[in-house]
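Written out below as structure tokens is the structure these notes cover.
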């Protein structure tokens, strides 16, 4: 059974995250364009690998659900239980069901799906090519395969423009180098590829898919007073919570995981402690300033690339 990065996504905080963040993940008009490009029709059978709470099911339901079938597959029985209950609200006019299984051994027969999909799954896998092969196996000739995956590595290296205090060029270069080392270690440890999206089109071609295409998520992400949109207010609240409600145990776990990946990527113990010291100094300086800006309504952050892609291909007929 395949696990995502050894994390239990049914845990309270992580479960809440995958519900809240997905509200602002894709614009409705982009979902419409993706559906059109995939020739989605009502009555189709759609299979969602690593489905979590069934987000892709309810997001695309209006494009295939009338008389159609959605099958969600996930390794977490806790998430599947909640997904089954939630699906009763959105799967009107069709059928939604959920199966426990892993991405490397999907418990379904060959060529049973008109459209097979995943979101933020491949990025967590040691063998994403094997999962993609399984998705293709269960897809009918002429059927579509869709992978919505991020290139978090590239977007993490973007230079932000915001009202928070800036760091020096030397510190920024040091920070970028640390990210690259950490990401390499993550791959070496089998925790997945933080920049997977840029590689998926080649993976699809090597696996025999045709008509390969890519669409970039068009939500640039920015926060600008007077914070007119629900998404801006949500991200502002999350930032405030993060700064005000520090969880020391969670921070210890995060730094332990970071150190493990950083060392595996070729970093040294001494450099790791320099990174941690820099991060703590930045947080110490930034926390009071940013909280004051949030309270006064003066905080802003300019648009930055999201690095999130919808990658599609078709099984040859």
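Each value in this text was obtained by applying a stated rule to the coordinates, not by laboratory testing. A quick note: this is a predicted structure, and the numbers were derived from the prediction, not measured. Because the Cβ atoms are built from the backbone with ideal geometry, glycine has one as well, and the counts that use them run over all protein chains shown.
Once you sort the root eigenvalues of the Cα gyration tensor of segment 44-134 as a ≥ b ≥ c, which label holds: rounded (a/c under 1.5), prolate (a/b larger than b/c) or oblate (the other case)?
prolate
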Protection proxy ranking, peptides 144-152, 224-232, 109-117, 174-182, average beta carbon neighbours within 10 Å, highest first: 144-152, 109-117, 174-182, 224-232
Principal-axis tilt of helix 269-296 within the chain, Cα atoms, nearest 10 degrees: 90
Beta bridges by DSSP in the chain, antiparallel share as percent, to the nearest 5: 45
In range of the label at residue 90: residues from segment 199-235 whose backbone nitrogen is under 20 Å from the point 7 Å along Cα→Cβ: 217-219, 230-232, 234-235
Area projected by the alpha carbon convex hull of segment 248-317, averaged over all directions, nm²: 9.4
Estimated FRET transfer efficiency when R0 is 35 angstrom, pair residue 126-residue 296 (beta carbons, to 0.05): 0.15
Pairwise FRET efficiency - residue 140 versus residue 242, Cβ, R0 = 45 Å, nearest 0.05: 0.50
Range of Cα positions in segment 83-204 per principal axis (Å), largest first: 56, 33, 25
Residue 317 paired with residue 214, simple spin-label distance in nm, labels 7 Å along Cα-to-beta-carbon: 2.7
Ranked by how many other beta carbons lie within 10 Å on average, peptides 248-255, 288-295, 95-102 from highest: 95-102, 288-295, 248-255
Å³ per residue enclosed by the Cα convex hull of the chain: 134
Inter-centroid distance (Cα atoms) of segment 289-317 relative to segment 101-151, Å: 26
